[in-house]
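The block underneath contains the structure these notes are about, expressed in structure tokens.
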Amino acid sequence: MGTLLEAGNISKTYRNHRALNQVSVHIPAQSIFGLLGPNGAGKTTLIRIINQIIGADEGTILFDNEPLKPAHVFRIGYLPEERGLYKKMEVGEQSIYLARLKGLNRHDARKLLTGWFEKFDLLPWWGKKVEELSKGMQQKVQFIITVLHKPRLLIFDEPFSGFDPINVNLLKQEILKLREEGSTIIFSTHNMGSVEELCDHIALINKAEVVLEGNVREVRKNHSTRLYEAELEDIHTPVEQVLDGRFQLAGTEKHHGTTTFRIRIPEQATPNELLQSLFTCGQLTSFKELTPSMNDIFIKQVTGAYPVKNRQITNSFTQAGQQ
Amino acid sequence: MSKTATIIRREFLSRVRKKSFVVMTILGPLLMAAIVIVPVLVAQLTDSEYSVAIVDDSGLFAQDFPDRDNVYFTPLDTGIDNAISLMHDGRFDAVLHIPEIAFQSPSSLRLFSEKSVNFNAKLLIENILKLEFESMKLSSAGIDEEVLRSIDTPVNIQAIRIADDGEQMTDYPEISMGLGFVGGFMIYIFIFLFGSQVLRGVLEEKTSRIVEIIVSSVKPFQLMMGKIIGVGLVGLTQFLMWVFLTLAIVGGFQAAAPEMFRFTPDEQVFISGGQVLNPEELQAQKESIQQHDTLAGELLEGLASINIPVMVLSFIFFFLGGYLLYGALFAAIGSAVDNEADTQQFMLPVTIPLLLALIMTQMVISNPQGPVAMWLSMIPFTSPVIMMARIPFGVSYAELALSALLLIAGFVATTWIAAKIYRTGILMYGKKVDYKELWKWIKHS
């Protein structure tokens, strides 16, 4: 899988603050790339540079192995976070207008739009003014306009804001389908749930710098706390005994005859070894790794500590250590 | 079609299709035509008959009142009381009582009527009696009235303008002043009207947040120019529609009722003692009327003396030039603020030169070749209004060319500056912008 977009050492300084500092990202072709970061980290600046709305002070961007040039805007579709439409203009006419600015001719634009409008149940609204549409419908129109010209690269900035759960699902399906059809998608959001669900790769930007980049699975693996959760029933041998100091018990919880143990596996041991020990204690009903969610990783990277929910685990670990 | 053309097309069509544009386009010419037609219609409507009975106790003047302008005079032999009762019966609208001592004491004259007296009739009667009294006094003083009339010589200097090539033209400063003022004022109105449309358009794009979608497809400069040009074409269309529709309406009326517009010069009514002028005198008078004595004749001749193609072409050029110059500034203001209320602080410096130009128009038309007029017609910020005011008086082609060139340089400069502000401004939200900030945008982008 090649790289569709490669940004190298991008820097951008506004008069009194540095928005991007030597930022490099590689966006593999036909993937969904999550661009994450807290507000004001520099995500929008990077997106605007890729869209050639503003220029970078330093650095290079290669689009499909070519230096980024004005003609590339026809191959990029951008859905900004703060988005709107001309309120007094008719929906269909406005969609055709925006499509033409993306290089489509009137005839093709109309044909493609009709198909999309049909799919999104918007066809009856073609001749209505935008102000007559609900916010959700306006968002759908904006989504259609973004993807209409079949761009190689799609940039969605908080695409799900303002949608109800049903339409969020519809949109997710469409985004996945677009990837299947060959599009590469940059997905900027604060919603970590959808990042885990959709993204193949991520880059986390904080304070103008990339602090984390890579494949989502690998990122989560790298952030593994090596903490596992096991549920046992009919315990005949105390678990503490079989752990034998090789594994650290981080917490215990009894619930209707089932006991849940949180156990940390040290570097030199493997989950299989832990399992073998646990088999000897009783009936094992569940065993899983407690990987930090993207949300936890995000907060850890930005603030330097895991959020409150996970801190409970570390607390119980400390308590267990004291016992 | 290039993207700028696509933008121009949208800006143009979205405005031209608006109801307000259609209404304005139709109402404007109707209003202008009304200014021409209504007075003519009103004059005809009010021409109802008005009959005045004359009770002349002095017996000197009863026959001196010719019927005129729908005012009819009837000398009565009865007493004043009888005449008044006849008036109450509806036989007359008014009764003029000339007592015996009228000549010695004109204040004893009375005009009775049931309703408020017809102003025109009163004026007519006063004029007639004034002349009659004067002529009586002249003869009693032993002055021959004929001699006096021959002394009364109307003086009307024909001003002649000699062009460089020696061609002579009659000059009509009054007409030039009128045209100059109207031209300057129109330019002012058009720049303001369509300049503020640019401002509102930019602001609409910014507040509706569509601007970021658009600038991911086109350059901010293309979007700005597309809007300015599109709105400018709307202005031009409106202007041309107004001109054509006004001409069409007035022309239509003229064709339908030509007699309404035929100018009938006032006859000289004050024919002494009921005497009619001899044919020669009458002929001489008529000729002088036809030549240049009357307002209408002068108006027509004056208009003919104006170089109309130069006027129209100049209007279009100076409107477009001035509009582009100010339009760019209006676009920059729209991009810098977040809502309409915030525009006020930036509007002032843009409005002042335009307003100054309008105020100075008064001075310029009374001294169109003076240094003030000359300088103001060169400075791009005032030249569109001032030049339009000067052109009817005749401006040398060299001056016109220089002013035009400076105006072009002016709008290139304002567009360049505006583009810098616009580029930064349209993507800047929630920031209170002041002049210092704007200056930084210009300097740093």
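The values are calculated or read from the model by the stated rules, or taken from the named source; none is laboratory data. The model shown is predicted, which means the values in this text are computed figures rather than measured ones. Methodologically, a virtual Cβ is constructed for each residue, glycine included, from the backbone with ideal geometry; neighbour enumeration extends over all protein chains shown.
Given the options B:GLY195, B:GLY226, name the one that is under 40 Å from the mean Cα position of the chain (by Cα), within 19 Å of B:THR237 (Cα to Cα), within 12 Å of chain A (Cβ to nearest Cβ) and in a helix (DSSP H, G or I).
Numbers: B:GLY195 fails: within 12 Å of chain A (Cβ to nearest Cβ).
Criteria check complete, one pass: B:GLY226.
Of the conditions (1) more than 8 Å from chain B (Cβ to nearest Cβ); (2) within 23 Å of the chain's Cα centre (by Cα), A:GLN94 fails just one. Which one is it?
In the conditions (1) more than 8 Å from chain B (Cβ to nearest Cβ); (2) within 23 Å of the chain's Cα centre (by Cα), A:GLN94 misses (2) alone.
Can you report the number of residues in the range A:49-63 which are more than 21 Å from the chain's Cα centre (by Cα), of a type outside the set (Val, Ile, Thr) and buried (at least 16 other Cβ atoms within 10 Å of the Cβ)?
Number of matching residues: 4.
Restricting to the range A:52-70, name every residue that is more than 12 Å from chain B (Cβ to nearest Cβ) and of a type in the set (A, V, I, L, M). Give the steps one after another, and end with the answer.
Looking only at the range A:52-70, we keep the residues that are more than 12 Å from chain B (Cβ to nearest Cβ), and these are A:56, A:58-69.
Result: A:ALA56, A:ILE61, A:LEU62, A:LEU68.
Please tell me if A:GLU118 is within 14 Å of another protein chain (Cβ to nearest Cβ) and surrounded by fewer than 21 Cβ atoms within 10 Å (Cβ to Cβ).
Numbers: within 14 Å of another protein chain (Cβ to nearest Cβ): no; surrounded by fewer than 21 Cβ atoms within 10 Å (Cβ to Cβ): yes.
Criteria not met by A:GLU118.
Six or more apart or on different chains, Cβ atoms under 8 Å: show the pairs whose first residue is in the range A:185-207 and over 17 Å from A:ILE155 (Cβ atoms) and whose second is assigned to a helix (DSSP H, G or I) and of a type in the set (Lys, Arg).
Pairs found: A:GLU197/A:LYS172.
Restricting to the range A:253-274, give me the number of residues that are under 18 Å from A:ILE235 (Cα atoms) and either outside the structural domain of A:HIS236 (by TED's automatic domain parsing) or touching a residue at least 40 places away in the same chain (Cβ under 8 Å) (or both). Before you say what the answer is, go through the steps one by one.
Step one: filter the range A:253-274 for residues under 18 Å from A:ILE235 (Cα atoms), giving A:253-263, A:274.
With the extra rule that they be either outside the structural domain of A:HIS236 (by TED's automatic domain parsing) or touching a residue at least 40 places away in the same chain (Cβ under 8 Å) (or both), the set shrinks to A:262, A:274.
Result for the range A:253-274: 2.
Take the residues of the range B:1-12 that are among the hydrophobic types (A, V, I, L, M, F, W, C) and crowded, with 16+ Cβ neighbours inside 10 Å: which is nearest to the other protein chains (Cβ to nearest Cβ)? Give the steps one after another, and end with the answer.
Our first condition is that a residue be among the hydrophobic types (A, V, I, L, M, F, W, C); within the range B:1-12, this holds for B:1, B:5, B:7-8, B:12.
Still in the running and crowded, with 16+ Cβ neighbours inside 10 Å: B:7-8, B:12.
On the way: B:ILE7: 8, B:ILE8: 12, B:PHE12: 12 Å.
Only one residue fits best here, namely B:ILE7.
Regarding the range A:124-143, can at least one residue be identified that is polar (S, T, N, Q) and more than 30 Å from A:GLY42 (Cα to Cα)?
Step one: list which residues in the range A:124-143 are polar (S, T, N, Q), which gives A:134, A:138-139, A:142.
Imposing the further condition that a residue be more than 30 Å from A:GLY42 (Cα to Cα) reduces the set to A:134.
Checking the range A:124-143: at least one residue is polar (S, T, N, Q) and more than 30 Å from A:GLY42 (Cα to Cα).
It is to be established whether one or more residues within the range B:201-209 are among the basic types (Lys, Arg), surrounded by fewer than 21 Cβ atoms within 10 Å (Cβ to Cβ) and at pLDDT below 90.
Here is the first cut: in the range B:201-209, the ones among the basic types (Lys, Arg) are B:206, B:209.
Filter once more, keeping what is surrounded by fewer than 21 Cβ atoms within 10 Å (Cβ to Cβ): B:209.
After this cut, where a residue has to be at pLDDT below 90 as well, the list is B:209.
The answer is yes; a qualifying residue exists.
List pairs: first residue in the range B:201-220 and more than 7 Å from chain A (Cβ to nearest Cβ), second residue assigned to a loop (DSSP other than H, G, I, E, B) anywhere in the structure, Cβ distance under 6 angstrom, at least six positions apart or on different chains.
Between residues of the range B:201-220 that are more than 7 Å from chain A (Cβ to nearest Cβ) and residues that are assigned to a loop (DSSP other than H, G, I, E, B), the close pairs are B:LYS206/B:ILE426; B:VAL211/B:ILE426.
Given the residues B:ILE365, B:ILE333, which is the only one that is under 23 Å from the mean Cα position of the chain (by Cα), in contact (Cβ under 8 Å) with a residue 40 or more places away in the chain and in the same structural domain as B:PRO220 (by TED's automatic domain parsing)? I'd like the intermediate steps shown before the answer.
Working: B:ILE333 fails: under 23 Å from the mean Cα position of the chain (by Cα).
Testing whether each residue is under 23 Å from the mean Cα position of the chain (by Cα), in contact (Cβ under 8 Å) with a residue 40 or more places away in the chain and in the same structural domain as B:PRO220 (by TED's automatic domain parsing) leaves just B:ILE365.
Within the range B:180-194, is there a residue that is farther than 30 Å from B:SER14 by Cα, hydrophobic (A, V, I, L, M, F, W, C), assigned by TED's automatic domain parsing to the domain that holds B:GLU340 and at pLDDT 75 or above?
From the range B:180-194, those farther than 30 Å from B:SER14 by Cα are B:180-181; that's our starting set.
If we keep only those that are hydrophobic (A, V, I, L, M, F, W, C) as well, we get B:181.
From what's left, assigned by TED's automatic domain parsing to the domain that holds B:GLU340: B:181.
This time we only want the ones that are at pLDDT 75 or above, so: B:181.
Yes: the range B:180-194 contains one or more residues that are farther than 30 Å from B:SER14 by Cα, hydrophobic (A, V, I, L, M, F, W, C), assigned by TED's automatic domain parsing to the domain that holds B:GLU340 and at pLDDT 75 or above.
Going through the range A:26-47 one residue at a time, which ones are touching a helix residue (DSSP H, G or I) at 6+ places or on another chain (Cβ under 8 Å), surrounded by 22 or more Cβ atoms within 10 Å (Cβ to Cβ) and more than 12 Å from A:THR184 (Cβ to Cβ)? Steps first, answer last, please.
Going through the range A:26-47, the residues touching a helix residue (DSSP H, G or I) at 6+ places or on another chain (Cβ under 8 Å) turn out to be A:30-32, A:34-38.
If we keep only those that are surrounded by 22 or more Cβ atoms within 10 Å (Cβ to Cβ) too, we end up with A:32, A:34-37.
Those that are touching a helix residue (DSSP H, G or I) at 6+ places or on another chain (Cβ under 8 Å), surrounded by 22 or more Cβ atoms within 10 Å (Cβ to Cβ) and more than 12 Å from A:THR184 (Cβ to Cβ): A:GLY34, A:LEU35, A:LEU36, A:GLY37.
Which residues, counting only those in the range A:273-289, are under 34 Å from the mean Cα position of the chain (by Cα) and either surrounded by 16 or more Cβ atoms within 10 Å (Cβ to Cβ) or not in a helix (DSSP H, G or I) (or both)?
A:LEU274, A:THR285, A:SER286, A:PHE287, A:LYS288, A:GLU289 - these are the residues of the range A:273-289 that are under 34 Å from the mean Cα position of the chain (by Cα) and either surrounded by 16 or more Cβ atoms within 10 Å (Cβ to Cβ) or not in a helix (DSSP H, G or I) (or both).
Quick check on A:VAL141: is it buried (at least 16 other Cβ atoms within 10 Å of the Cβ), part of a helix (DSSP H, G or I) and either touching a residue at least 12 places away in the same chain (Cβ under 8 Å) or within 12 Å of the chain's Cα centre (by Cα) (or both)?
Numbers: buried (at least 16 other Cβ atoms within 10 Å of the Cβ): yes; part of a helix (DSSP H, G or I): yes; either touching a residue at least 12 places away in the same chain (Cβ under 8 Å) or within 12 Å of the chain's Cα centre (by Cα) (or both): yes.
Considered against the rule, which asks whether it is buried (at least 16 other Cβ atoms within 10 Å of the Cβ), part of a helix (DSSP H, G or I) and either touching a residue at least 12 places away in the same chain (Cβ under 8 Å) or within 12 Å of the chain's Cα centre (by Cα) (or both), A:VAL141 comes out as yes.
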